[in-house]
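These notes are about the structure you will find just below.
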Amino acid sequence: MRRSLRRGLGLFAGTAALLAMTVTGAMAAQGPPPGKGHGGGETTLSNNLSVPTIMVGGGFTNVSCPAGTAGDLVVPTGEPSTGYPIDPAAYYYVQGLNAWQAQCITATSASAKAAWGANLTGDASLTTNSPIRVELGLYNADVTAPDLEGYSVVKLNTNALDRESPYGTLATGSADTGFSAVPTTFTATQQRVYDAGVTFSVQHEGTSTFVVPEGTPATAEINATGTVVYGYNLRVTDEGKYTITFTVPTVTLTGTDAGSYTDHSVSLSITVAGSRGGGSHGGHGPGR
């Protein structure tokens, strides 16, 4: 059974409230837009920012990023827990139980390379009447930017579904000597970028109908691995090809891992097959 050094429930209740992270400004959580798309992102109320990020035009509640220079790394608070299937003898600082924060910067502009969720560019089965996880990440494209520190977060229950497992970062030391976390250095192109004004759309190529209208605000989230991504749970009833387009108004795009892009937009065509009913295909895990 998983245990904490203090074995108390108060730690979870206190830090869960402290770590509530909601997107500010134009990126506030949206309800389902008109049409056949549904959802608005994953629950991220207790996830810490673990991957260093450049914030442009806004940010996340309880994530403090100084302007023009990187903020200090915030080391994990509280005591680590043990007994997780990944290594039952090891201790981990856990999302939702402990608080920490990677370095981040508030900037007026940035450049980035777009990366789509693996389920959209791989061999995952995308079918009608089942949730299709749409995710987009923005990687810093400024190769001259300085290295920044954060934490590597891993899935702690290897027997559980990605979305059901706890996630955490390794704690070194012992109960006798005390514990600490070892930071991870992220080079410039491993860092993430956030643009507060991102919008997106999804168009059925066969009918030209927008199942998610143009100009729909894209929801950003800090996912289970502590990474900033844009996420949406899409569900369509008609098979065929769909074009997903994200518009990034302030950050300049320099490339994409799939599809096509311009300076301020990136698009990807996906094929959705007919389903025989039920099931969750093209589902999602911790994201890009």
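Evaluating 6.51 cos²θ - 1.76 cosθ + 1.60 at θ = phi - 60° for every residue in the range 195-208, the Karplus couplings come out as 10, 5, x, 5, 10, 8, 8, 9, 10, 6, 5, x, 10, 6 Hz, glycine and proline recorded as x.
3J(HN,Hα) couplings calculated from phi for the range 47-52 with the Karplus curve 6.51 cos²θ - 1.76 cosθ + 1.60 (θ = phi - 60°) are, in sequence order, 8, 8, 5, 10, 9, x Hz; Gly and Pro show x.
Across all directions, the average projected area of the convex hull around the alpha carbons of the range 171-213 is 6.9 nm². In the range 84-167, if the dipole is taken from +1 on Lys/Arg beta carbons and -1 on Asp/Glu beta carbons about the Cα centre, which of Ala102, Ala112, Thr128 is farthest to the positive end? Checked the options; the winner is Thr128.
Put Glu164, Glu79 in order of accessible area, highest first, and with a 1.4 Å probe you get Glu164, Glu79.
Shape class for the range 84-134, computed from the alpha carbon gyration tensor (a ≥ b ≥ c): oblate, with a/c not under 1.5 and a/b at or below b/c. One quarter of the convex hull surface built on the alpha carbon atoms of the range 186-233 amounts to 4.6 nm², the projected area averaged over directions.
Between amide H atoms placed 1.01 Å from N, distances below 5 Å from Gly255 occur with Ala114, all of them 5 or more places distant or on a separate chain.
The values are calculated or read from the model by the stated rules, or taken from the named source; none is laboratory data. Since the model is a prediction, treat every value here as computed from it, not as a measurement. Cβ sites come from the backbone with ideal geometry, for glycine too, and all protein chains shown count toward neighbours. Remember, those area values only see protein heavy atoms, side chains included, never the ligands or the DNA or RNA. Shrake-Rupley method; radii C 1.70, N 1.55, O 1.52, S 1.80 Å.
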